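Below is one structure, written out as structure tokens, with a few remarks after it.
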Amino acid sequence: ILTGTAHAQRVKDLSSIQGVRSNQLVGYGLVVGLDGTGDQTTQTPFTTQSITNMLTQMGVNLPPGTNMQLKNVAAVMVTADLPPFSQAGQAIDITVSSIGNAKSLRGGTLVMTPLKGADGQVYAMAQGNLAVSGAGASANGSKAQINHLSVGRIPAGATVERTVATALGESGHINLELRQSDFTTASRVVDAINARFGKDAARALNGRVVQVKT
């Protein structure tokens, strides 16, 4: 006779708390200090426009019609995930990706860039030196490249400026969402919680959601 062995599973491995999730942030910025591998500004006019706007904000007014031939600047998109319960002052990692025709972002520095959420509010400020994992070399018409040179990361490159409001527990209960919808699993989770915290501490709303009193 074959007998099966029962294995206990933690509730947090089977479910997640409803409403607790990360939020995506995005921003447009400039990477400077490139070794001649930046955007060809005749083909990417938005890079030149961004430089002009930045210099104007710093009190440098360029004569109208100035034709800037920049080789050390690249326009980029900066993306990040804002973890749940992040607090102001906390550092988060960011990814910097070229949106122009820059050959490489290696050795570049991201200029201060605001990162916005889906609501248009600024939640973090990014700045720092890029770490590019790719490598490339060319000689005599031959070229070799490993990984992407147009994407880099800055560990702890952004500082959280605003927290995301959450109403967790304010209604007197929290909802646990099972990773897989299953009535049997939901029933067993309810039984385990009630056995630990008392009768009617939890109840299943359906095959995926278990409601727990706070």
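The values are calculated or read from the model by the stated rules, or taken from the named source; none is laboratory data. None of the values given here were measured: they were computed from a predicted structure. Ideal geometry is used to build each Cβ from the backbone, glycine not excepted, and the neighbour counts take in all protein chains shown. Just so you know, the surface numbers come from the protein's heavy atoms only, side chains and all, with ligands and any DNA or RNA stripped out. Shrake-Rupley method; radii C 1.70, N 1.55, O 1.52, S 1.80 Å.
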#### Entry: Count of segment 80-104 residues which are open to solvent by 60 Å² or more (accessible area, probe 1.4 Å) and under 21 Å from residue 150 (Cβ atoms)
4
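Yes or no: segment 183-195 includes at least one residue that is acidic (Asp, Glu) and under 15 Å from residue 11 (Cβ atoms). Walk me through how you get there before you give the answer.
Taking segment 183-195 as the starting set, the residues that turn out to be acidic (Asp, Glu) are 191.
From the residues that got through so far, the ones that are under 15 Å from residue 11 (Cβ atoms) too are 191.
There is at least one residue in segment 183-195 that is acidic (Asp, Glu) and under 15 Å from residue 11 (Cβ atoms).
Can you tell me which residue within segment 183-200, out of those that are open to solvent by 60 Å² or more (accessible area, probe 1.4 Å) and on the phi < 0 side of the Ramachandran plot, is farthest from the chain's Cα centre (by Cα)?
199
If I ask for residues that are of a type outside the set (A, V, I, L, M) and surrounded by fewer than 17 Cβ atoms within 10 Å (Cβ to Cβ), which ones from segment 105-118 would you list?
107, 109, 116, 117
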### Residue ID - modelled with the lowest pLDDT, chosen from residues in segment 148-197 that are out of contact with any strand residue (DSSP E or B) (no Cβ under 8 Å at 6 or more places or on another chain), closer than 18 Å to residue 24 by Cα and polar (S, T, N, Q)
166
### Summary
Note on segment 24-40: residues outside any strand (DSSP E or B) and surrounded by 22 or more Cβ atoms within 10 Å (Cβ to Cβ) are 34, 38, 39
### Task
Check residue 143 against each of (1) modelled with pLDDT under 90; (2) open to solvent by less than 70 Å² (accessible area, probe 1.4 Å); (3) in a strand (DSSP E or B) and name the one condition it does not meet.
(2)
### Query
So, of the residues in segment 129-140 that are touching a strand residue (DSSP E or B) at 6+ places or on another chain (Cβ under 9 Å) and assigned to a loop (DSSP other than H, G, I, E, B), which turns out to be modelled with the lowest pLDDT?
134
### Query
Considering segment 10-23 alone, what residues qualify as being surrounded by 13 or more Cβ atoms within 10 Å (Cβ to Cβ) and not in a loop (DSSP other than H, G, I, E, B)?
11, 14, 15, 16, 17, 23
